[in-house]
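The values are calculated or read from the model by the stated rules, or taken from the named source; none is laboratory data. Because the structure is a prediction, the values reported are computed rather than measured. All Cβ positions, glycine included, derive from the backbone under ideal geometry; neighbour counts span all protein chains shown.
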Amino acid sequence: MKVYLKVWRQRHARDAGRFVDYTVDGINPDMSFLEMLDVLNNRLISQGEDPIAFDHDCREGICGTCGLYINGRPHGPVARATTCQVHMRHFKDGETIVIEPWRADAFPVIKDLVVDRSAFDRIIQAGGFVSVNTGQAPDGNAIPIPKEDASKAFDAATCIGCGACVAACKNASAMLFVAAKVAHLARLPQGRIEARERVLNMLTQMEEEGFGGCTNTGACEAECPKAISLENIALLNREFIKAKCAL
Amino acid sequence: MKLFSISDKKLDGKCPTGPIEKRWTQHKASIRLVSPANKRRLDVIVVGTGLAGASAAAALAELGYNVKVFCYQDSPRRAHSIAAQGGINAAKNYMNDGDSVFRLFYDTVKGGDYRARESNVYRLAEVSANIIDQCVAQGVPFAREYGGYLDNRSFGGVQVSRTFYAKGQTGQQLLLGAYQALMRQVGRGQAKLYSSHEMLDLVVIDGKARGIIARNLITGELERHGAHAVVLCTGGYGNVFFLSTNAKNCNVTAAWRAHRRGAFFGNPCFTQIHPTCIPVSGDYQSKLTLMSESLRNDGRIWVPKRKDDPRKPTEIPEDERDYYLERRYPAFGNLVPRDVASRAAKERCDAGYGVGPSKMAVYLDFSDAIKRMGRAAVEAKYGNLFEIYQLITDENPYETPMRIYPAVHYTMGGLWVDYNLMSTIPGLYVCGEANFSDHGANRLGASALMQGLADGYFVLPYTIGDYLADDIRAPKIDTRHEAFEEAEKSVLERIEKLLSVRGKTPVDVLHRKLGLTMWDYCGMSRNAEGLEKALKIIDELENEFWKDVAVPGTDKEWNKELEKAGRVADFFELARLMCIDALHREESCGGHFREEYQTEDGEALRRDDLFSYVAAWEYTGHRQSPVLHKEDLIFEYCKPTTRSYK
């Protein structure tokens with residue numbers, strides 16, 4: 001296979017940035033998308049050129065490090081997959097592929113396709129936890145939890161913090177990310193104690209970081225590699241209203 | 001030059017004595033404490049934010065120490081513990097199937113092929129139950145039964161169900177629990193977070209670990225950080241093989257730099273090859289993906305009885321299939337420990353019965369499970385794993401068997417630590433996969449998560465106090481000290497050396513060659529001839545690296561190639577030590593299979609009379625013969641027998 005790439009290159013945060021064209025030949029359809037970029041980068045390095053900066057780590061769809069905007073979609077054309085799980089068999093021979101970084105005010109570009117997502121850590125610091133010190137816990141079976149609640153909490157908790165929801169949103173909102181954590185903990189008895197402070201503090205932090213408000217269009221859910229449901233945003237809103245009423 | 005020399009002084013693990021079930025309790029009661037007022041004056045550096053690092057950093061901050069926590073990832077939540085799939089063991093006996101602390105202890109010592117310390121392993125089993133309690137309280141959404149109580153499943157190498165799990169994402173959920181506990185402390189200001197920072201050297205002052213040199217991976221700046229103690233939770237070194245199930249950036253640099261500063265390295269040749277990974281598909285491959293061992297609960301492993309059988313797996317009738325694990329090990333069947341399962345797969349493929357395009361794969365078949373439980377039940381249990389498999393291979397495992405092959409997964413070896421988890425450098429602690437301590441020569445499934453969290457939540461927070469009690473009058477560590485000066489200078493010189501080569505060969509190319517050498521000669525099976533050959537190749541490759549590596553760009557920017565080059569340079573040095581260790585251990589045990597030492601039917605032949613010890617290696621200089629220090633292993637409760645899973 002042969003593909004034509006248009007890749008966003010930006011030397012550092014203050015550089016204006018531009019698209020640069022590359023042609024990559026001899027691709028095996030079973031290669032992953034990032035392996036295709038490895039091949040290109042090794043070619044650039046051998047020629048003494050600067051390789052394309054992109055971030056990645058586990059390459060199995062769970063660490064949330066990778067995130068490329070491919071042909072106008074976060075993580076590319078495969079539903080429920082991260083960039084590292086996209087394979088070249090999903091592209092046509094001779095196709096032109098446009099690759100950009102996540103674009104959001106709250107995710108400033110570091111270099112080329114790498115962005116700073118530390119805002120997510122600060123949102124979690126604002127309340128995305130249960131305040132239990134090590135050693136305080138009662139027996140794990142002391143509080144039975146209905147299977148359905150545990151399953152729904154789990155589904156929300158599978159968020160990998162990659163930021164695709166923000167990249168997909170025209171408002172660059174982090175509502176799905178925040179909702180996933182609020183819902184995960186709100187559905188469990190252990191998380192109820194601090195539910196009120198949690199939702200208020202996390203939403204305040206989200207706004208301070210420069211993320212926009214929810215557009216209700218659902219682009220986040222459509223592009224989420226872990227299929228985190230919009231239902232969680234509905235729950236977030238209920239939690240928010242409850243918290244406000246209790247003030 | 002001699003390959004290595006042997007110290008005549010025995011190394012002491014400082015394990016307590018007395019009845020094993022009382023050792024940890026009595027030890028905790030006898031070690032020193034640091035008062036809350038004094039904790040406020042003490043700084044602790046934690047490097048790495050996987051299960052061990054995040055839990056240690058959170059627990060230490062909760063106690064009131066000033067914690068500085070470092071990770072190379074852009075967020076602590078991305079450490080590779082996140083990828084652990086199957087589960088976490090704990091001796092809760094919730095299933096009423098006869099489990100106990102003693103059985104978990106016994107299974108782990110036996111599973112480790114009698115090369116772990118009894119005292120450590122008993123403590124691990126003892127605190128395992130607390131881990132589950134702690135995680136549930138944090139909101140970790142473990143799998144539950146309809147009554148609302150926690151569910152368990154069985155795992156390789158044992159005959160009880162003691163594995164707690166959250167679908168195939170247990171590591172993710174446990175890590176997020178620890179990460180959130182840590183973020184709570186960062187929010188309170190009790191822990192300070194340094195993401196996108198890589199530790200490049202350890203600073204030792206008057207024989208004590210007093211800080212680190214770290215590189216800010218975004219700006220490229222070198223930074224000095226001082227503390228009264230340093231805790232390394234930097235994971236394993238499986239990426240020395242290039243292809244492994246580790247994340248791409250996992251590396252040995254922090255541990256290796258500490259080794260060069262005086263920390264002994266324990267049992268480096270003990271590496272685990274996981275039996276169920278997706279096979280290599282081409283020479284462009286950048287990493288391997290694990291399929292959780294939990295799949296072996298319901299999947300059956302087989303190869304065709306006929307060599308080069310051209311038929312599709314679904315067309316091969318039952319009586320023409322060789323379910324070789326069930327045939328060779330009727331008692332444990334598909335649930336034999338990882339080392340045994342991996343070697344059995346290699347044996348079948350080497351004998352010419354392998355399947356798939358590369359012929360280096362075996363089938364893992366769910367058709368019986370689907371018949372027995374129904375597709376929906378299989379999907380509920382393993383759905384996300386099947387999805388991962390299909391994404392990578394474009395094959396549907398509900399319809400055709402998975403193809404699997406062993407791959408490098410975990411390293412039992414690591415920095416040597418005593419019972420308090422302190423290395424041979426006073427004030428340097430090592431937790432989780434980065435230490436050598438609890439798994440002997442082979443780790444059982446679902447025990448890595450247990451050990452990481454045991455070390456971080458329930459062991460280190462106690463034992464570190466015993467050391468810091470001496471330091472309550474020590475002032476803040478002054479990073480203008482000449483030891484910081486020297487360490488920073490040596491880091492900078494090394495970076496400049498890497499950048500000055502300006503060769504033609506990308507780091508990956510050389511790393512891949514090193515990995516292939518290690519896989520061929522120091523992988524699933526080893527022999528003296530091969531290991532000696534590997535040592536020569538490693539020298540040649542290292543020479544080539546320093547002559548021709550291509551590292552573009554500068555050190556004052558985000559520069560992945562520079563990061564990689566530094567890590568691979570350290571892997572060359574580690575690879576040499578692994579081969580020396582493998583060469584010196586003239587026996588087969590656990591993950592270390594020496595072809596010269598096997599029984600007539602091809603099982604591992606342990607030599608307890610000669611090798612019942614931990615091999616802890618002291619660094620003496622680059623390409624200099626290391627010194628072997630032995631710590632004798634004494635078994636009072638689990639008498640070494642030939643491990644039999646038949």
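Here are some notes:
- Unmet criterion (only one of (1) within 14 Å of chain A (Cβ to nearest Cβ); (2) under 18 Å from residue B:571 (Cβ atoms); (3) assigned to a helix (DSSP H, G or I)) for residue B:503: (3)
- Whichever residue in the stretch A:19-35 is within 16 Å of residue A:94 (Cβ to Cβ) and outside any loop (DSSP other than H, G, I, E, B) and, among such residues, is nearest to the other protein chains (Cβ to nearest Cβ): A:24
To keep it simple, each residue is scored yes or no on (1) of a type in the set (Lys, Arg); (2) over 27 Å from residue B:251 (Cβ atoms); (3) part of a helix (DSSP H, G or I).
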site: A:8; (1), (2), (3): no, yes, no
site: A:37; (1), (2), (3): no, no, yes
site: A:52; (1), (2), (3): no, no, no
site: A:64; (1), (2), (3): no, no, no
site: A:76; (1), (2), (3): no, yes, no
site: A:80; (1), (2), (3): yes, yes, no
site: A:84; (1), (2), (3): no, no, yes
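- Members of the stretch B:351-392 found to be small (Gly, Ala, Ser), surrounded by fewer than 21 Cβ atoms within 10 Å (Cβ to Cβ) and outside any helix (DSSP H, G or I), listed by number: B:351, B:352, B:356, B:358, B:374
Matching residues to (1) of a type in the set (Phe, Trp, Tyr); (2) at pLDDT 95 or above; (3) over 21 Å from residue B:165 (Cβ atoms); (4) outside the structural domain of residue B:588 (by TED's automatic domain parsing):
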| residue | (1), (2), (3), (4) |
| --- | --- |
| B:283 | no, no, yes, yes |
| B:287 | no, no, yes, yes |
| B:294 | no, no, no, yes |
| B:298 | no, no, no, yes |
| B:305 | no, yes, yes, yes |
| B:312 | no, yes, yes, yes |
| B:316 | no, yes, yes, yes |
| B:326 | no, yes, yes, yes |
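- Qualifying residue in the stretch A:94-104 (condition: in a loop (DSSP other than H, G, I, E, B), outside the structural domain of residue A:211 (by TED's automatic domain parsing), more than 21 Å from the chain's Cα centre (by Cα) and over 24 Å from residue B:242 (Cβ atoms)): yes
- There is no residue in the stretch B:412-433 that is closer than 30 Å to residue B:550 by Cβ and buried (at least 21 other Cβ atoms within 10 Å of the Cβ).
- Scanning the stretch B:153-173 for residues that are away from chain A (no Cβ under 11 Å) and surrounded by 22 or more Cβ atoms within 10 Å (Cβ to Cβ) gives B:155, B:156, B:157, B:158, B:162, B:163.
- Given (1) touching a His at 6+ places or on another chain (Cβ under 9 Å); (2) buried (at least 20 other Cβ atoms within 10 Å of the Cβ); (3) more than 14 Å from chain A (Cβ to nearest Cβ), index of the condition residue B:573 fails: (2)
- The condition of being among the acidic types (Asp, Glu) and more than 8 Å from every other protein chain (Cβ to nearest Cβ) holds for only one of A:105, A:139, that being A:105.
- All conditions in (1) under 20 Å from residue A:205 (Cα atoms); (2) facing chain B (nearest Cβ under 9 Å); (3) in contact with a Lys or Arg (Cβ under 6 Å, 6 or more places away or on another chain); (4) among the small types (Gly, Ala, Ser) hold for residue A:163, with the sole exception of (2).
- Residue satisfying condition, being within 9 Å of another protein chain (Cβ to nearest Cβ), over 15 Å from residue B:140 (Cα atoms) and out of contact with any strand residue (DSSP E or B) (no Cβ under 7 Å at 6 or more places or on another chain), within set A:126, A:156, A:174: A:126
- Criterion: more than 14 Å from chain A (Cβ to nearest Cβ), under 16 Å from the mean Cα position of the chain (by Cα), part of a loop (DSSP other than H, G, I, E, B) and not β-branched (Val, Ile, Thr) - qualifying residue of B:269, B:250: B:269
- Only residues that are in a loop (DSSP other than H, G, I, E, B) and away from every other protein chain (no Cβ under 14 Å) were counted across the stretch B:524-554, and they come to 3.
- Counted as qualifying within the stretch B:1-114 are the helices (runs of 4 or more DSSP H) with 3 or more residues that are surrounded by 24 or more Cβ atoms within 10 Å (Cβ to Cβ), namely B:51-63, B:101-111.
- Taken residue by residue, the stretch B:93-103 has no member that is more than 9 Å from chain A (Cβ to nearest Cβ) and under 17 Å from the mean Cα position of the chain (by Cα).
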